[in-house]
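Where a number appears in this text, it was derived from the coordinates with a stated rule and is not lab data. Everything quoted here is computed from the prediction, not taken from an experiment. As a convention, Cβ positions derive from the backbone with ideal geometry for all residues, glycine included, and neighbour counts pool all protein chains shown.
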Amino acid sequence: MSIREDIAMLRAVELFAAADPAHLQVLVFAAPRIEAAAGDWLFREGQVDGAGWLLRSGAASAWQARRGEEEKVANLGRGAFLGELAMAARQPHHLSVKAETRLSALRFDHDLFLRVAAEFPEFGRQVFAVLTRRLELSMQELNRVRELFVRARSF
């Protein structure tokens, strides 16, 4: 797989859609390529690794703890980007991701991400604008739910 293909996959991710391909090239070129065998875990729920992951090839599955057991919640394939908040803000992963087949991924560490954002301020502005929009939408949804609780008389 070429750097050009990796950049095209990143541009398909909402977080990076408006980014200059030259800035994405810096990210792709500097990110380590990770190979995983079927059954390997890329990361676990609650883990703080400060990394975002782009699946380059192969298949993976996402798992989440529910009622004390891990439950499969999604199948993932080529082009999936995982761990945006882990990468951007060192937040814990909210899912576990396991390779279902042999796979290849790019790992974007927090420090690399911030270095590119600092060296290319336009890139940083574009990416953080997307994250800000998402946070605003989440806050609106939380306020809507809060209002429903306030209006509810009892459970």
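So, in Å, what gap is there between the alpha-carbon centers of the range 102-155 and the range 76-97?
What the calculation gives is 12 Å, centre to centre.
Is the range 3-151 rounded, prolate or oblate when judged by the Cα gyration tensor, a ≥ b ≥ c being the square roots of its eigenvalues, rounded requiring a/c under 1.5 and prolate requiring a/b larger than b/c?
It comes out oblate by the Cα gyration axes.
What does the charge add up to near residue 136, with Lys and Arg as +1, Asp and Glu as -1, over the other residues with Cβ less than 15 Å from its Cβ? Numbers along the way, then the final one.
Working: positive: 133, 134, 144; negative: 14, 141.
Result for the local shell: +1.
Please list the non-local residues whose amide H lies under 5 Å from the amide H of residue 43, H modeled 1.01 Å from N, same-chain partners needing a gap of 5 or more.
When sequence neighbours closer than 5 places are left aside, the close amide H contacts are 97.
Under the classification rounded if a/c is under 1.5, otherwise prolate if a/b is larger than b/c and oblate if not, where does the range 59-120 fall, given a ≥ b ≥ c as square roots of the Cα gyration tensor eigenvalues?
It is oblate, given that a/c is not under 1.5 and a/b is not larger than b/c.
Got a sec? How would 63, 41 order by Cβ neighbour count within 10 Å, fewest to most?
Going from sparsest to densest Cβ surroundings: 41, 63.
Which ³J(HN,Hα) values in Hz, rounded to whole numbers, follow from the phi angles of the range 111-116 under the Karplus curve 6.51 cos²θ - 1.76 cosθ + 1.60, where θ = phi - 60° and Gly and Pro get x?
Result, ordered by residue: 5, 4, 4, 5, 5, 5 Hz.
Within the range 72-155, report the trypsin sites (Lys or Arg not before Pro) that DSSP leaves as loop and that have at most 10 other Cβ atoms within 10 Å. Don't skip to the end; give the middle numbers.
Values: sites: 72, 78, 90, 98, 102, 107, 115, 125, 133, 134, 144, 146, 151, 153; in loops: 78, 90, 102, 153.
Answer by residue number: 153.
Out of residues 5 or more away from residue 100 or on other chains, whose amide H comes under 5 Å of its own, with H placed 1.01 Å from N in the peptide plane?
Residues meeting the criterion, in which the H sits 1.01 Å from N, are 39, 59, 60, 61.
Residue by residue, what Karplus-based ³J(HN,Hα) values in Hz, rounded to whole numbers, does the range 54-64 have, using 6.51, -1.76 and 1.60 with θ = phi - 60° and x for Gly and Pro?
My calculation for the range 54-64 gives 10, 6, 8, 7, x, 10, 9, 9, 9, 10, 9 Hz in order.
Within a Cβ distance under 15 Å of residue 121, other residues only, what is the Lys/Arg minus Asp/Glu net charge?
With Lys, Arg at +1 and Asp, Glu at -1, the net is -1.
With the Cα gyration tensor of the range 23-87 giving a ≥ b ≥ c as the square roots of its eigenvalues, does the rule (a/c under 1.5 for rounded; else a/b larger than b/c for prolate; else oblate) give rounded, prolate or oblate?
Prolate.
Can you give the calculated 222 nm mean residue ellipticity of the chain, where each DSSP H run of n ≥ 4 adds -39,500 (n - 2.57) and the sum is split over every residue, rounded to the nearest 500 deg cm²/dmol?
Helices in the chain give a 222 nm mean residue ellipticity of -13500 deg cm²/dmol.
Residue by residue, what Karplus-based ³J(HN,Hα) values in Hz, rounded to whole numbers, does the range 69-81 have, using 6.51, -1.76 and 1.60 with θ = phi - 60° and x for Gly and Pro?
Here the 3J(HN,Hα) series is 10, 7, 10, 6, 10, 6, 9, 10, x, 3, x, 5, 10 Hz.
What are the residues whose amide H is under 5 Å from the amide H of residue 94, where those residues sit 5 or more places off or on another chain and H is modelled from the backbone?
It is 46, by chain and number.
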